[in-house]
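Inspection log for the structure reproduced underneath, given as structure tokens.
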Protein chains: 2
Amino acid sequence: MKHNFGAGPAILPQEVLKQAAQAIIDFNGSGMSLLEISHRSADFEAVMNEAVALVKELLQVPDGYSVLFLQGGASTQFAMVPFNLLEKNQKAAYVDSGVWASKALKEAKNFGEVAVLASSKDANYTFIPKDYAIPADASYLHITSNNTIYGTQLQTFPQSPIPLVCDMSSDIFSRPIDVSNFGIIYAGAQKNMGPAGTTLVIVKDELLGKVSHKIPSMLNYQLHIDNGSMYNTPPVYAVYVSMLTLKWLKAKGGVAAIEKENIAKANLLYEEIDRNSLFKGTCVKEDRSKMNVCFVMENPDLEKEFLKFAQEHGCVGLKGHRSVGGFRASIYNAMSITSIHVLVEIMQEFAKKHA
Amino acid sequence: MKHNFGAGPAILPQEVLKQAAQAIIDFNGSGMSLLEISHRSADFEAVMNEAVALVKELLQVPDGYSVLFLQGGASTQFAMVPFNLLEKNQKAAYVDSGVWASKALKEAKNFGEVAVLASSKDANYTFIPKDYAIPADASYLHITSNNTIYGTQLQTFPQSPIPLVCDMSSDIFSRPIDVSNFGIIYAGAQKNMGPAGTTLVIVKDELLGKVSHKIPSMLNYQLHIDNGSMYNTPPVYAVYVSMLTLKWLKAKGGVAAIEKENIAKANLLYEEIDRNSLFKGTCVKEDRSKMNVCFVMENPDLEKEFLKFAQEHGCVGLKGHRSVGGFRASIYNAMSITSIHVLVEIMQEFAKKHA
């Protein structure tokens with residue numbers, strides 16, 4: 001058995017994969033594959049509707065918000081957000097908490113003025129910037145809830161006087177959130193929600209329709225809302241597998257239940273990192289992510305050997321991002337605590353070998 | 001057995017579906033699903049490379065062209081083409097041969113001047129406009145090779161003094177083409193190449209980098225070229241299934257071989273439409289598509305009954321688009337001539353019933 005600690009596209013529940021494979025051969029007993037049916041068929045419309053309903057139920061999305069399944073990943077959202085919200089000669093506020101946040105703000109600079117309220121770049125993004133004033137005259141504030149590369153995560157969200165836009169790609173559905181605090185939430189599916197190929201967007205309807213410039217159709221939230229995410233052919237299979245994953249999450253008790261598991265999983269691993277003298281965490285403790293656990297070795301010469309040792313015991317995807325080095329254990333919703341126990345045991349065994 | 005005449009997402013080869021299902025459970029014997037491995041893994045990079053190589057081989061793409069697998073469908077290309085090729089205060093030329101062509105030109109109007117060289121709209125797009133002068137001072141000429149809704153198809157491509165941009169969503173890989181005649185070719189995968197969720201783009205490199213405005217990163221061909229279609233997480237599974245489908249096509253003898261089959265299939269069905277007094281084709285004969293065969297009944301009151309009759313015999317997806325009515329038999333590469341024989345027999349049987 002493999003313990004998949006990869007950062008994304010990432011681990012999915014086994015039950016989901018079984019159903020996902022079946023749908024390729026015969027979807028809903030139709031005698032046809034899900035890959036070859038019309039997105040306008042009743043069967044697929046039911047999938048899209050259920051996916052949207054599950055998002056609304058799991059996150060308790062209030063009235064006045066729309067839920068979209070789009071394409072193009074978070075990177076497309078980096079452009080869509082300013083296209084839809086940023087009027088010429090106005091400014092947007094960004095917090096620079098990592099490379100992806102930095103890409104988002106660079107993209108916005110193509111559209112207008114960008115105020116970078118705070119950045120932890122000089123510290124290689126080892127912490128989440130927190131002390132900053134939010135300009136009341138900016139069109140929106142953009143933040144990133146979890147920084148996959150560095151293993152940092154916002155523990156609480158800022159109270160913002162302007163619409164709060166949040167890239168939740170790597171921790172959506174990992175904990176309860178109060179959607180009413182946000183203007184736009186977006187997330188590529190491939191970390192905590194499904195496979196690569198679709199992007200979830202939750203948008204407060206009243207924010208739209210206020211810019212004076214033309215928005216390319218495919219980048220226009222309102223058009224996708226008006227067409228129920230079916231303005232053109234949606235990424236059928238990625239939406240289906242996301243729907244299955246959300247259904248699995250609901251059966252597990254939803255985001256409140258999974259948060260408890262995620263806390264237990266993260267605590268178990270961080271405790272070992274702090275206890276085991278061979279290892280150390282890479283970011284400040286108060287900002288530690290419950291999704292991506294980054295750590296290195298006190299003696300970097302041992303890292304290659306540990307990676308190999310872990311791999312031999314079925315733990316894969318542990319190599320850290322090149323900008324941090326060492327290891328990154330991504331422990332998304334679908335990972336069971338059993339896999340964390342295996343990793344912890346391997347760390348302990350490795351420590352004994354090198355005592 | 002179902003005979004899937006749906007217009008898209010459309011029929012895929014059974015061999016492809018079997019492999020595609022296997023990869024969901026265990027990809028390449030890795031013990032992991034293709035849905036949960038990194039797009040930066042050697043295993044997936046091999047898939048992307050093979051997909052690109054197959055496109056180049058099957059279409060004999062010459063040097064100086066790049067092959068991309070993107071997201072967002074043809075609708076995103078409607079904006080990407082002018083973003084990348086249309087300088088402010090310059091104009092683009094479009095031929096309006098159907099609703100999709102019309103959407104493409106409407107999108108371009110957001111960017112600059114659009115010259116509509118010809119349109120068959122007044123005839124409900126029952127023919128392909130052919131007699132038009134191409135303005136040598138336009139930035140490019142945009143055409144649609146096959147009009148899925150109306151069942152019309154370009155039999156020969158215009159010789160254009162300006163870069164020729166072609167939406168080939170519904171007939172790419174159905175016949176040999178001379179790529180060197182084109183500036184950009186694009187196609188949503190979900191008709192003749194794979195499942196929904198990825199878009200093939202073949203672009204002549206020298207056309208890029210000439211506009212003075214900023215292009216949003218995800219809409220910038222050059223950025224995707226520089227990153228081998230992996231600027232961000234690609235739609236992994238859709239690329240994989242497209243690769244499998246192209247491999248299947250190569251094993252069948254490639255586009256020249258499939259063209260022969262496509263001609264035989266289309267001839268068989270059109271002959272029956274022309275022979276059988278109950279049915280008639282909807283578009284002019286010289287423009288008839290070998291991918292989407294549109295026909296109605298002389299007596300429209302019988303159409304519902306025929307649709308039911310066909311369905312009872314396993315022929316599904318035959319309902320015509322609402323703007324044409326009647327029937328549309330989409331007979332893409334993956335459909336065998338056996339299914340056409342079944343449909344023809346049903347038409348004959350139905351005629352006997354109503355003799």
Query raised in the report: Out of the stretch A:174-225, which trypsin sites (Lys or Arg not before Pro) are coil in DSSP terms and have no more than 16 other C-beta atoms within 10 Å?
Result: A:210, A:214
Requested in this report: Per DSSP H run of at least 4 residues, take -39500 (n - 2.57); add these up for the protein assembly as shown, divide by its residues and hand me the 222 nm value, nearest 500 deg cm²/dmol.
Outcome: -11000 deg cm²/dmol
Query raised in the report: For chain A, list the DSSP H helices whose alpha carbon atoms reach 15 Å or more along the long axis and whose average Kyte-Doolittle value is 0.5 or above?
Result: A:42-58, A:73-85, A:236-251, A:337-353
Requested in this report: Taking each label point as 7 Å beyond Cα in the direction of the beta carbon, state the distances from residue B:312 to the same residue in the other copies, shortest first, in nm.
Outcome: 6.8
Query - Amide H within-cut-off set for residue B:292, under 5 Å, with H built and near neighbours excluded - result: B:331
Query raised in the report: If you project the alpha carbons of the stretch B:166-252 onto their three principal axes, what span does each projection cover, largest first, in Å?
Result: 44, 31, 18
Requested in this report: Between beta-carbons, use under 11 Å as the cut-off and find the net charge around residue A:120, counting Lys and Arg +1, Asp and Glu -1.
Outcome: -1
Query raised in the report: Taking a label point 7 Å from Cα toward Cβ, how far is residue B:109 from its twins in the other copies, in nm, shortest first?
Result: 3.6
Requested in this report: Please identify every one of the trypsin sites (Lys or Arg not before Pro) in the stretch B:1-101 that sits in a loop by DSSP and has no more than 14 other beta carbons within 10 Å of its own beta carbon.
Outcome: B:40, B:88
Query raised in the report: Once Lys and Arg get +1 and Asp and Glu get -1 on their Cβ, which of B:152, B:331, B:344 lies farthest toward the positive end of the dipole of chain B?
Result: B:344
**Report entry** Lys, Arg +1 and Asp, Glu -1 on Cβ, resulting dipole of the stretch B:116-266 about Cα centre, debye, nearest 20
**Finding:** 400 debye
Report summary line: So the compactness index of chain B, its C-alpha Rg divided by 2.2 N^0.38 Å, takes the value 1.02
Query - For chain B, the longest site-free run once GluC sites (Glu not before Pro) in DSSP loop states with at most 16 other Cβ atoms within 10 Å are removed - result: B:88-297
Report summary line: For residue B:46, the net charge from surrounding residues (Cβ-Cβ under 15 Å; K, R +1; D, E -1) works out to -1
Query raised in the report: Taking a label point 7 Å from Cα toward Cβ, how far is residue B:181 from its twins in the other copies, in nm, shortest first?
Result: 5.9
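Values in this text are rule-based calculations from the coordinates and carry no lab data. Just so it is clear, the structure is predicted and the values come from calculations on it, not from any experiment. Because the Cβ atoms are built from the backbone with ideal geometry, glycine has one as well, and the counts that use them run over all protein chains shown.
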